[in-house]
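One structure is given below, encoded as structure tokens.
The values are calculated or read from the model by the stated rules, or taken from the named source; none is laboratory data. Computed from a predicted model, the values in this text were never measured in an experiment. Every residue, glycine as well, gets a Cβ built from its backbone with ideal geometry; the counts of neighbours run over all protein chains shown. Side chains are part of the model used for accessible areas, which takes the heavy atoms of the whole protein and leaves out ligands, DNA and RNA. Shrake-Rupley method; radii C 1.70, N 1.55, O 1.52, S 1.80 Å.
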Amino acid sequence: YFFVDDYVFRDWLYRALIFLVISCPCALVISIPLGYFGGLGAASRNGILFKGASFLDSMTKINTVVMDKTGTVTKGVFKIQDLVTDQIFTEVEFMKYLIAIEEQSTHPIAKAILEYKTEGEGFKATDVSEIAGKGLMGIVNGKTILVGNKALLISNQINVSTEINNIVESIVLVAIDGKFAGYVTVADELKDDAHQAIKEIRAAGITKIIMLSGDKDSITQKVAKQLGIDWAKGGLLPEDKLEEVEKLKKLPGTKVAFIGDGINDAPVLAVSDIGIAMGGLGSDVAIETADVIIQTDQPSKIAKAIKIGKSTRSIVWQNIALAFGVKVIVLALGAGGLATMWEAVFADVGVALLAILNAVRLQRMNWD
């Protein structure tokens, strides 16, 4: 048998109890989720909704931001600039057919058209269907009406006037019973914080900013140039946007966040590493599909979301280092008989309290 002359059962039991208290994982188990809760709370206070703590981590890895144009960096509040019809229909008749169809749409351009005042009733649309990325088709007073972009009319074998190719503004083309009937041009404007948003996104560490839009390429390029965006492409259908984002994702080391608001953006939001939707103007489908919701529709919140994600990750690692560091030190002291139960309690409960207070700091930080 092996005997220790100075063995005192009470002393070694006390040391064992100290080890037991110190080794309790409560501080570590509590501190990590509390860090993420703090980040989610800080984001909510700033009008940003993360659908899960994992997206806070994913946001820190983003290095490429792809964004839609209408409703994302522009207000999505259009106004009619010009109205041109053929000789068959008067302006009032033309607008009645157009309005009847647009009443079935939630697109921002539709809202601008609906502001046009017409007198008289009797124009009601039936069998209205949406052709993704192209426009609407329906029946009004027995006539087949097509309302949308050039691609919609061409796909229905309708000749379109060549003069529309020189128009920079957004344009809504109308065909009635298989014949080109005219068009309406509308204009949008940038959101108040659009320029600030691009600057802050770059300052947050994003190396590439891209714009993909279903709007005309000429308008998209104009807006991209105004904002200083790296690369832009317009005239895209939903599947085209999807293809462009998938190409980006295949590039080594590329993590993509896509920002959009429309129903046409839902496929891209789903396939991106992080999908961000505008919560005010955004469609229900886009909001449902996205991982992050900007509740105030301000693009400048995107940079805040990135900053909050990085700060949350930093706080979580601080808590992990604090919990492990203090426990290792006190364990070493306990093994040598230099630590008492009070030190052990501090290494467990005290560290947990410090981790909680550290996580609460996220709520107090200034993200401007």
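Summary table
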quantity: Kyte-Doolittle at least -1.0, axis length at least 24 Å by Cα - qualifying DSSP helices, the chain; calculated: 26-45, 301-335
quantity: Largest-first ordering by accessible area, 1.4 Å probe, given options 83, 136, 354; calculated: 354, 83, 136
quantity: Cβ-based net charge around residue 179, under 13 Å, with every Lys or Arg adding one and every Asp or Glu removing one; calculated: -1
quantity: Low-density loop cleavage sites - chymotrypsin sites (Phe, Trp or Tyr not before Pro) in the range 1-103, where at most 13 other Cβ are within 10 Å (DSSP); calculated: 1, 2, 3, 7
quantity: Rounded to the nearest 20 debye, dipole of the range 29-159 from Cβ charges on Lys, Arg, Asp, Glu; calculated: 580 debye
quantity: Positive-end residue, the chain charge dipole about Cα centroid, Cβ charges, pick of 293, 112, 12; calculated: 12
quantity: Per residue accessible area of the range 42-133, 1.4 Å probe, in Å²; calculated: 50 Å²
quantity: Solvent-accessible heavy-atom area per residue, rounded to whole Å², over the range 310-364 at 1.4 Å; calculated: 55 Å²
quantity: Computed FRET value (nearest 0.05) for residue 23 with residue 254, which takes r as the C-beta separation and R₀ as 35 Å; calculated: 0.25
quantity: Protein-only accessible surface order, largest first, of 261, 192, 240 at 1.4 Å; calculated: 192, 240, 261
quantity: Label of the coordinate-derived value, P(r) over Cα pairs in 20 Å bins from 0, in percent, listed as (1) 23, 38, 15, 11, 10, 3, 0; (2) 28, 58, 15, 0; (3) 25, 39, 21, 10, 4, 1; calculated: (3)
quantity: Carbon/sulfur fraction of accessible area - the range 245-368, other protein chains in place, 1.4 Å, %; calculated: 64 percent
quantity: Selection from 351, 135, 302 lying farthest towards where the dipole of the chain points positive, charges on Cβ; calculated: 351
quantity: Point-charge dipole on Cβ atoms (K/R +1, D/E -1) for the range 222-340, about Cα centre, debye to 20; calculated: 720 debye
quantity: Given charges at beta-carbon only (K, R positive; D, E negative), |dipole| of the chain in Debye; calculated: 1160 debye
quantity: Anisotropy class of the range 219-368 from Cα gyration tensor, a/c 1.5 cut; calculated: prolate
quantity: Residue 341 versus residue 363: modelled label distance in nm, points set 7 Å from Cα along the beta carbon direction; calculated: 3.3 nm
